[in-house]
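A.B. asks: Quick one: the structure is below, and I'll ask about it shortly.
Rule-based calculations on the coordinates, nothing more; no lab input. Note that this is a predicted model, so its numbers are computed, not measured. Quick reminder, even Gly has a Cβ in these numbers, built from the backbone with ideal geometry, and neighbours come from all protein chains shown.
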Amino acid sequence: MKKNKGYWLILLALLLSLATIYPTYAWMRDSNKEMSQRRQSKMTPVIMLPGSSASINRFNQLVTLLNQNRKEKHSLLKIQVDQTGKLTYTGSINRNDHQPLIVVGFSNNHDGYSNIKKQAYWLDEAFYQLSEDYHFRNFVAFGHSNGGLIWTYWLEHYYHSYDDELNIKRLMTLGSPYNFKENSIKMKTQMYSDFLKYRKRLPKHLLAYNIYGGESYTSDGLVPENSVLAGKYIFQNQVKSYMAINVTGDDAQHSSLPQNTQVVNLFKHYLLDKDKHRLRFKLQPRR
Amino acid sequence: MAERFEFIFYWISKKSFFRVAQRTFITLMPLLLIGVMAQTLMTAFIGYDSWLYNISYAYQFIPTWLSDNILYLLNSVRFASFNLAGLLVAYLAAGYTAKLFQKDAQMAGITSVLTLLTASYNGNQPNPASTLPFNAQLLDMNMVLLPFLLGYLVGNIFRWLAPKQGHQRFEQLAGLDVRVWQAAKPMLVALVIGLLLALGIYLFKTKISNAVFNSLISTELSTNNILKGVGSALLITLLALIGIGYPVVALNNSNNSGAAVANMNNALIHSNSWQVPYKYLGSELYTGYASLSSLVALALIITVLLVMHNRYKRRLAGFSLFPAMFGVPTGFLAGLPVLFNPVYLLPILIVVAFNMLLSALLLWLNWIPAVAFPVLVGTPQPIAPFVATNGSWRVLVYSIILLVIDVCWFRPWVKLDMKVQERVANDEKE
């Protein structure tokens, strides 16, 4: 190599790196803007999954009850995911709503482990789009029946690709049969074994609530109590805290659980903030 | 004064240790250069976190299966050239040492590999059938100090215990038998040393590399004290120059320390980095302006291209310029050689301290904002600080000026190196 060639090479290298300033700068501006939006976002959506055979309208009654006596109503967005992963939206999120309720439903809403895996994949399609559209940093998850199983599967298999940017605060499952119809922990279904196998992937900071109904002493009329309580071996000693709550009385049957008054209160207490206006009024100093 | 320096370095370079070191690393250079090319392609162009892949939005038009397969192949090249380099270093170091004292170089090399493998045995691996039961960190390019010292030691054992060997063109089988059996005594002694080392590592449960350097790395990652930051940066650079690249690599990879994340969050919220909580964070000052893989090696390569006459060194610098620009200077450091080269030790340490202190001074004067925003891997080093400040033009100008200052600083040292090499070459001719 002649000496002159060296000068040219250095010049070329410097010019090349300067020439890439603009594209690098453009990319950087976009990515920093997006990250900064996410950092500034105060929105903590509650993402709700209905159980098998239920549509996106499953939680309408629950939402009405949640919004009762509130000055600031939670807005409700429903997303239907079809089998190709296409999303259809109904409703919208208010710009000022810090805790919108988002229901994700699937056109294939059948029972069974193979369907739950598919539904977790579809949930992820919807979740990715939501995270891109709304730039939230924290969220809360709620699942009724199989919805809770889909969340658990999603947390074990999909959540890690978001956990740099996003944070699940709480997970509330309602009558979720972690061991399907099995009454005994000794008979492990394939799904339950998988949940146990990958439990180390569950986020350490998660607060988990496992609510179940008691119509009889052993079941909520559909799901055996022991199948719900099998969730203990998945969450306990893995997430930050795990709490199992038994709800009895009126509307304690599996399908009535979402509109059970105690469940609504637990939902309000553990998943939602207090009504903002009332809070501000209370905090005002006395004169 | 200059002549005195020249003589001192000439005198040091004549020591067998350094003669062996230079030969070992120059021989290893072609292999490393190939690994460097693969590494550069991965970290700057094709990897999913890489610079070009992201800024060109390549994920929109390059199918995943294609990049997956390319990455797979590049990874194989990189692993092949970097991850077992320790074995080659041990072989070459022992061989060159033995040769220097007219002993059996081949047998010394083999013995040295045996000793190294014995010392790095790790029987705790879960599945030795599919993974080799050796401590991978000891054999990695980032830990070549131990393989090198071991090789040098084994070479010396041959020097003391093996009979002299004349040069033979293509030896007869009978002669080979004699030679092989003559190596038995030094081989056994070396094996004992290997066993003792293995036992030491096993008994003291030493997690080689990680545990030893973690406190050093974590100081650098968390200190806001300039002197502490510069001190650990100097130590980290010194280690890199004697073949322990692990701390540098760890610093380049992980930017997830609490302080760095706090800085980033603050910067992202304000869209600028003028008021970050840890303004003088050691790791950011070091990786931004003063690390070997940021501006320092690049400046040295440019100096070599500008000053040196030796066409092979110039060719090496030419091939290393672009990889170093994207933050991968390994091949050059081995090939010049910079590793184990007393001539470059002092100027590089001074430049590291200087770059960090000058940047800290400008930060203190509020002339430049702190490096805090996320940067893509493989961003060209001269513009990396610009990106890391969310596009501060002052920082861009400053990094280019800094690069020029570093080149000017290295100029006399490269000339000194040329003179020393010339004297050594003249000596060896005689």
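A.B. asks: Taking the Cα-to-Cβ direction at A:Glu165 and at A:Glu132 and moving 7 Å from each Cα, how far apart do the two end points lie in nm?
C.D. replies: The modelled label-to-label distance comes out at 1.0 nm.
A.B. asks: Please get the size of the charge dipole for the protein assembly as shown, origin at its Cα centre, with Cβ charges of +1 on Lys and Arg and -1 on Asp and Glu, quoted in debye to the nearest 20. Don't skip to the end; give the middle numbers.
C.D. replies: On the way: 65 positive and 39 negative charges, 278 e Å.
It works out to roughly 1340 debye.
A.B. asks: Here is a follow-up. With everything on Cα atoms, drop me the angle between helix B:64-82 and the longest principal axis of chain B, reported from 0 to 90° to the nearest 10.
C.D. replies: With both axes taken from Cα atoms, the answer is about 50 degrees.
A.B. asks: If you don't mind, there's one more thing I want to ask. Quick one: work out the % antiparallel among DSSP beta bridges in the protein assembly as shown, nearest 5.
C.D. replies: That works out to approximately 20 percent antiparallel.
A.B. asks: What dipole magnitude, in Debye to the nearest 20, does the range A:71-154 give about its Cα centre under +1 on Lys/Arg Cβ and -1 on Asp/Glu Cβ?
C.D. replies: Working: 8 positive and 8 negative charges, 33 e Å.
Here the range A:71-154 has a charge dipole of around 160 debye.
A.B. asks: Using a Gaussian network model of chain B whose springs link C-alpha atoms within less than 10 Å, name the residue from B:Ile62, B:Ile217, B:Ile350 with the highest mean-square fluctuation.
C.D. replies: B:Ile62
A.B. asks: Longest exposed-loop-site-free stretch of chain B, with trypsin sites (Lys or Arg not before Pro), DSSP loop and at most 11 other Cβ within 10 Å?
C.D. replies: Details: sites that count: B:Lys15, B:Lys164, B:Arg169, B:Lys205.
Here the longest segment lacking exposed loop sites spans B:206-430.
A.B. asks: Which is farthest toward the positive dipole end of the range A:44-273 among A:His205, A:Phe59, A:Val46, measuring Cα position about the Cα centre, with Cβ charges +1 (Lys, Arg) and -1 (Asp, Glu)?
C.D. replies: Final value for the positive-end residue is A:His205.
A.B. asks: Need one number: % antiparallel among DSSP beta bridges in chain A, to the nearest 5.
C.D. replies: Taking every DSSP beta bridge within chain A, about 15 percent pair in antiparallel fashion.
A.B. asks: Further question on the same structure: Looking at A:Ile10, A:Thr24, A:Gln37, which one has the Cα that reaches farthest to the positive end of the dipole of the range A:1-40 (charges on Cβ: Lys, Arg +1; Asp, Glu -1)?
C.D. replies: The residue sitting farthest along the positive end of the dipole is A:Ile10.
A.B. asks: Taking the Cα atoms only, what angle lies between the long axis of helix B:393-429 and the longest principal axis of chain B, rounded to 10 degrees?
C.D. replies: On a 0 to 90 degree scale, this one is about 20.
A.B. asks: Mind checking which of B:Val414, B:Val178, B:Val328 has the largest fluctuation in a GNM of chain B, springs on alpha carbons under 10 Å?
C.D. replies: Among B:Val414, B:Val178, B:Val328, the largest GNM mean-square fluctuation belongs to B:Val178.
A.B. asks: Let me ask something else. I want to verify a result. In a Gaussian network model of chain B, Cα cutoff 10 Å, which of these has the top mean-square fluctuation: B:Gly166, B:Gly327, B:Gly243?
C.D. replies: Comparing B:Gly166, B:Gly327, B:Gly243 in the GNM, the peak value goes to B:Gly166.
A.B. asks: Helix-derived [θ] at 222 nm for chain B: sum -39500 (n - 2.57) over DSSP H runs of at least 4, divide by residue count, nearest 500?
C.D. replies: -22000 deg cm²/dmol
A.B. asks: Select from the range A:36-130 those trypsin sites (Lys or Arg not before Pro) which occupy a DSSP coil region and have at most 12 other Cβ atoms within 10 Å, ordered by residue number.
C.D. replies: A:Lys42, A:Lys71, A:Lys86, A:Arg95
A.B. asks: For helix B:258-270, what angle does its Cα long axis make with the longest principal axis of chain B, in degrees from 0 to 90 and rounded to 10?
C.D. replies: Value to nearest ten degrees: 30.
A.B. asks: Find the relative contact order for the range B:85-203 and round it to a whole percent, using C-alpha pairs within less than 8 Å whose residues are 6+ positions apart.
C.D. replies: That works out to 38 percent.
A.B. asks: Related question: Residue farthest toward the positive end of the dipole of chain A, with Cβ of Lys/Arg at +1 and Asp/Glu at -1: which of A:His98, A:Gly143, A:Ser255?
C.D. replies: Most positive-ward Cα: A:His98.
A.B. asks: Of A:Lys78/A:Lys181; B:Lys14/B:Lys429; A:Lys5/B:Lys14; A:Lys181/A:Lys204; A:Lys197/A:Lys232, which pairs sit farther than 22 Å apart, going by alpha carbon to alpha carbon?
C.D. replies: Check vs 22 Å cut-off fails for A:Lys78/A:Lys181; A:Lys5/B:Lys14; A:Lys181/A:Lys204.
A.B. asks: If amide hydrogens are placed 1.01 Å from N in the peptide plane, which non-local residues have theirs closer than 5 Å to the one on A:Met172?
C.D. replies: Those lying under 5 Å, H to H, from A:Met172 are A:Ala141, A:Phe142, A:Gly143, A:Tyr209.
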